[in-house]
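This report concerns only the one structure given below.
Every read-out reported here was derived from the displayed coordinates using simple, explicitly stated rules and does not represent laboratory data. Predicted, not measured: the structure shown is a model, and the values here were computed from it. Counting neighbours? That spans all protein chains shown, and the Cβs are built from the backbone with ideal geometry, glycine included.
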Amino acid sequence: MHFVGLAAIKVGPVRAENDPGYVSALRGLTRIGETYRVDYERAKNAGTTLDSCPVGGVKMTTDTLVPFLLRLPPEQQSMSMDTAFRLHMRELYPCPAKSDTP
């Protein structure tokens with residue numbers, strides 16, 4: 001999944017909810033979020049971390065994700081949505097540097 005449906009997201013929820021690209025993008029984002037949660041739990045249970053360190057019950061919304069996607073430089077807009085999601089998670093929830101941990 002790439003930036004499919006991003007144009008629909010920009011037109012607003014009332015018009016976008018009838019757009020198949022928008023609906024597909026939201027379903028894809030839901031799957032990406034679920035995969036991330038599974039990966040996060042696996043890493044946590046193994047005593048490791050992913051490349052982002054969310055705290056507590058994080059719920060990703062399009063309120064922060066869409067502006068993040070829209071400000072990506074053109075050369076990064078061809079990345080997969082999964083990669084973009086994880087990049088955004090790193091931005092929102094950076095892991096402490098190794099020297100910051102006791």
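Would you mind counting up the charge near VAL58? Only other residues with Cβ under 15 Å from its Cβ, with Lys and Arg at +1 and Asp and Glu at -1. Don't jump to the answer; show the numbers that get you there.
Working: positive: ARG37, LYS44, LYS59, ARG86, ARG90; negative: GLU34, ASP39, GLU41, ASP51, ASP63, GLU91.
With Lys, Arg at +1 and Asp, Glu at -1, the neighbours total -1.
Taken one residue at a time, the phi angles of segment 75-90 give Karplus couplings (6.51, -1.76, 1.60, θ = phi - 60°) of 5, 9, 6, 9, 5, 5, 5, 4, 5, 4, 4, 5, 4, 5, 4, 4 Hz. Gly and Pro are set to x.
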